[in-house]
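Remarks on the structure that follows.
Nothing in this text is a laboratory measurement; each read-out follows from the coordinates by a stated rule. In this text the structure is predicted, and so the values were computed from the model without any measurement. Neighbour counts run over all protein chains shown; Cβ positions are idealised from the backbone, glycine included.
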Amino acid sequence: MRTAYRTCPLCEAACGLELTIDADRVVAARGDREHVFSHGFVCPKGATFGQLTDDPDRLRRPLVKGVEVSWAEAFAAVRAGLRPIIERYGAQAVALYLGNPNAHTMSGGLYVTPLIRSLGSRNVYSASTVDQMPKHVSCGYLFGNPLTIPVPDLDRTDFLLMLGANPWESNGSLATAADFPGRLKAIQARGGRFVVVDPRRTRTAEHADEHLWIRPGTDAYLLFGIVHTLFAEDLATIPEYVSRVEPVRELAGDFPPERVADVCGIPAERIRGLARELAAAPTAAVYGRIGTCTVEFGTVTSWLIDVVNILTGNLDRPGGVMFPLAPHLSGAAKPGKGFRTGRWHSRVRGLPEVKGELPVATLADEIETPGDEQVRALITIAGNPVLSTPNSGRLDRALSGLDFMVSVDPYLNETTRHADVVLPPTDSVRKGHYDFSFLALSVRNFAAYSPPVLPPDPAVPDECDILARLMLIVLGQDGEDPAVVHDELLRQALRRVPEERHGLVTGDHPAERLLDVALRAGAYGDGFGENPDGLTLDRLKAAPHGIDLGPLRPRIPAALRTASGTVELCVPELAAEAERLRKALDRERGGLVLVGRRHLRSNNSWMHNVPALVKGRDRCTLQIHPADAERLAVADGEAVQVTSRAGGLVARAEVTDRVMPGVVSLPHGWGHDLPGTRMAVAAERPGVNSNLLTDELVIDPLSGNSVLNGIPVELKPA
Ligand SMILES: Nc1nc2c(c(=O)[nH]1)N[C@H]1C(S)=C(S)[C@@H](COP(=O)(O)OP(=O)(O)OC[C@H]3O[C@@H](n4cnc5c(=O)[nH]c(N)nc54)[C@H](O)[C@@H]3O)O[C@H]1N2
Ligand SMILES: Nc1nc2c(c(=O)[nH]1)N[C@H]1C(S)=C(S)[C@@H](COP(=O)(O)OP(=O)(O)OC[C@H]3O[C@@H](n4cnc5c(=O)[nH]c(N)nc54)[C@H](O)[C@@H]3O)O[C@H]1N2
Ligand code: SF4
Ligand SMILES: [Mo]
């Protein structure tokens, strides 16, 4: 028996795990009490880390048409499937879908962008457009860089206003904060407060000082009401680094609290009160997540969150919202060009490109619609769009019409069952781990690297090797060793480093060497010998519990990349959306709408095969308020037929006052009863797929993000 330490790769909280290893198995996982960031915190998912590796349904050999083959045969089949399509129809005929775990793997952080470049297709899709794309766009406009996202300074704030987030179950998102619940309780313990805005009484809402029920999709009205009050009552402070304030003042004029109160369901006096509290608090932070992004006005809502942070003087100050500085990034000031979208448009619906990708809500259109550049082949990497994207019933059908599909995924699931070839990567225990995405979103600066816990499995290539092989295939250079790709990426990473220092780079694996380069060049790095005390891969390897880099520090102006070098409070694109929002004030509202929810023991669609996480009572229920249940003659536990514009399903009703009247809630990521999958535990408790109801035709126009909350539905006993 031995002990090993490793960052948990299962959610954004980046907890340190202490693993007990017996020979070549992880027999226990618990929180690492000495970890500099998580201090021993672990959730039920992290505690099953070993069981995930041992899952008998996990693929250990590649599949071609469902049959196990050798790796050589599998890559030959990919080549035979992809090359003719690229040669005959061009790269546009091949689409890529990148799922959420790419943000949790080193191959995702280091090899996916080069693969996209090698392929040269504009048909790139990802889970970002069913998630956080509105935040990227609003931050792109405000700060000039869509990756410059401020996070709430949880550990120092006096007042936190949280909209559409449930970190008690999700453990936080776009704010990496191991033990998020503990950090929220600490706000209260030091005399501060937090307020939750949600159409459901979540576990987070139960712990809050106040819970405000809001009608789904209307947070932008609440926030504009707050902005209106800040100006009307002269509470707004305008920091000197902010420009284009006047247009916001003018737009806010149309949204007095009295006007928006009925729409969002929060009394005008409470809206004004929130504005006053935010302005008066010594420090305050407004934070929003899934419930503010996956809605029709997602980008405006995400923008207004930071408008309020800025106008209350809370941007870039301790206790407000701040920009983290990750160890692999430089943090140095650079002239900015600003941010724009629409460098190309989708072929069928003409939707603008954002951050190099197109909305996944239009992937089925691109597959189904004949014409030049029709999508005929699909590569999925760590994604399950058949359960996670809107009107997934339609996408499911579209996937069966593809000429060729290859999936890099450890499971034969609802999506990969369509793949001609499935390439399963090594499990997490045999991979190194560094959080390229989440260290840049952490509420405290820190660094951690976990080397592989077990030696490589000779029968299964590392995911970096798999992606390198795919790169060679799309480039028409198959047959070569993936080392060609690894060497080329290292050469590119080192292009600004004097040649005589290249020998300093260490690492036992291609991903480790690329990380070492990034760390040495990064904000805390050794500068390739210039700053001998600075960070290197070896230093991180010698610190298995991570290295604390201190509380967040102010980063304006260095963090800004706008053309003006200021925070640009309003751009014409957002002003136009605000106008659309104003027109929508008079819309008919009152029908039943559907929202989602997450449960502590779930992880989107893919961890329902771990017995410890699915035992107990059925969680895939349709929550409905007692008043609605009575009106519609629906009894607790009874089957109900739910229909929307996109489709229908039958779910079991759970009558509860945890949802507000007019709102029903169904979790996503279920529906494991499709034929051709190989996830035995999940199939025993399949649940239903809530994305059969979400509508691919309704999107947030600026970001292309899907609308997954506030879906109009009709309901009757089944
Ligand atoms: N209605 C509704 N829909 C939603 C949401 C919602 O709130 N409501 N949330 C949305 C959000 S926020 C997200 S992020 C998306 C997620 O959408 P997706 O990313 O499409 O789906 P996941 O369920 O995360 O599936 C992850 C896949 O990666 C595989 N996998 C796991 N680990 C690895 C690995 O190390 N390597 C590789 N190659 N594969 C791996 C799993 O087997 C699984 O197939 O769902 C979205 N869909
Ligand atoms: N246990 C668990 N943890 C996870 C995941 C998981 O599936 N399970 N998924 C991970 C992923 S990929 C992500 S992106 C994060 C998401 O992290 P969170 O956003 O914190 O998670 P959700 O539980 O989706 O919280 C969204 C909340 O928004 C509310 N809501 C819905 N519509 C509206 C609205 O219009 N306005 C407001 N104000 N609220 C609304 C919902 O009721 C819900 O409580 O969680 C991550 N962590
Ligand atoms: S909170 Fe997230 S990172 Fe921490 S143990 Fe749970 S799944 Fe892992
Ligand atoms: Mo997500």
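Quick notes
- Since only 110, 149, 77 are under comparison, the one whose Cα sits farthest along the positive direction of the charge dipole of segment 70-154, derived from C-beta charges on Lys, Arg, Asp and Glu, is 77.
- Note on residue 548 and residue 188: with the Förster distance fixed at 25 Å, the Cβ-Cβ geometry gives a FRET efficiency of about 0.55.
- Length gained on full extension, residue 58 to residue 580: 183.2 nm, using 0.36 nm per residue less the C-alpha separation.
- The length gained on full extension between residue 599 and residue 459, counted as 0.36 nm times the residue separation minus their Cα-Cα distance, comes to 46.9 nm.
- If R0 is taken as 30 Å, the Cβ-Cβ distance between residue 400 and residue 475 corresponds to a FRET efficiency of 0.60.
- Simple spin-label estimate for residue 558 and residue 483 in nanometres, 7 Å along Cα-Cβ: 3.9 nm
- Placing unit charges on each Cβ (+1 for Lys and Arg, -1 for Asp and Glu) gives segment 590-717 a dipole about its Cα centre, and among 599, 707, 693 the Cα reaching farthest toward its positive end belongs to 599.
- Between residue 718 and 639, 640, 641, the built amide H atoms are under 5 Å apart, and every one of these is 5 or more places off in sequence or on another chain.
- Vicinal HN-Hα couplings computed from phi for segment 404-414 (Karplus, 6.51 cos²θ - 1.76 cosθ + 1.60; Hz; Gly/Pro x): 7, 9, 10, 10, 9, 6, x, 10, 8, 10, 4
- Bridge type composition, the chain - antiparallel percent by DSSP, nearest 5: 50 percent
- Antiparallel %, DSSP beta bridges [both residues in segment 590-717], to 5: 65 percent
- Once backbone amide H atoms are built at 1.01 Å from N, residue 31 has 18 as its partners under 5 Å, excluding neighbours fewer than 5 places away on the same chain.
- Segments 493-503, 553-563, 377-387, 189-199 sorted - mean Cβ within 10 Å per residue, highest first: 377-387, 189-199, 553-563, 493-503
- Rounded Å value of the spacing that divides the Cα centres of segment 176-193 and segment 453-469: 40 Å
- Each of residue 246 and residue 372 was given a label point 7 Å from its Cα along the Cα-to-Cβ line. The distance between the two points is 4.6 nm.
- Long-range amide H partners of residue 354 with built H, under 5 Å: 342
- The residue 88 and residue 656 beta-carbon pair, evaluated with R₀ = 51 Å, returns a calculated FRET efficiency of approximately 0.40.
- What the phi angles of segment 370-386 give under the Karplus curve with 6.51, -1.76 and 1.60, with θ = phi - 60°, is a coupling list of x, x, 4, 6, 4, 6, 10, 9, 9, 10, 10, 10, 6, x, 9, x, 5 Hz, glycine and proline written as x.
- Rounded to whole numbers, the Karplus 3J(HN,Hα) couplings from phi for segment 496-502 are 9, 9, x, 4, 5, 9, 4 Hz, using 6.51 cos²θ - 1.76 cosθ + 1.60 with θ = phi - 60°, and x at Gly and Pro.
- Computed label-point distance, nm, for sites residue 615 and residue 65 using a 7 Å Cα→Cβ extension: 4.1 nm
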